[in-house]
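Just so it is clear, none of the values below were taken in a lab; they were calculated from the coordinates. As the structure is a prediction and not an experimental result, all values here were calculated from the model.
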Amino acid sequence: MFPTLSHLIEYITGIFIPLPFKTFGFFIALAFLAGSYFISNDLEEKNKSGVIPTTRKKALKGRPTNLKDFIKNSITAVLIGFKGLFAYHNYDFFSNDTFSFL
């Protein structure tokens with residue numbers, strides 16, 4: 001079992017690259033992507049066969065953005081941006097203990 005992606009890459013290639021990503025989270029993400037792929041294919045087949053009918057919905061275009069949505073997205077972008085910038089400048093600290101960093 002490989003605790004991080006770095007150990008898996010080292011086992012396969014013999015080169016150690018210090019990546020802070022844990023293997024469990026990586027494989028959970030792969031499972032979600034595979035599930036999404038198979039569910040979308042299944043829903044497309046059911047739509048073509050008529051089991052699940054297609055519905056149309058009107059979309060409003062050209063409406064201005066709410067102030068609440070703008071503020072929420074701005075705060076999220078600032079937090080992610082500053083964490084990313086700090087991780088870039090302090091990569092050793094980030095790669096040693098990712099969970100305490102976040």
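Points worth noting:
- For the stretch 30-101, convex hull volume per residue from C-alpha positions, Å³: 175 Å³
- In the stretch 1-55, the C-alpha radius of gyration followed by the widest Cα-Cα span (Dmax) gives 18.4, 53 angstrom.
- Helices assigned as whole DSSP H runs in the chain whose Cα atoms extend at least 24 Å along their own long axis and whose mean Kyte-Doolittle hydropathy is 1.0 or higher are not found.
- The sum of -39500 (n - 2.57) across all DSSP H runs of n ≥ 4, divided by the residue count of the chain, sets its helix-only mean residue ellipticity at 222 nm to -21500 deg cm²/dmol.
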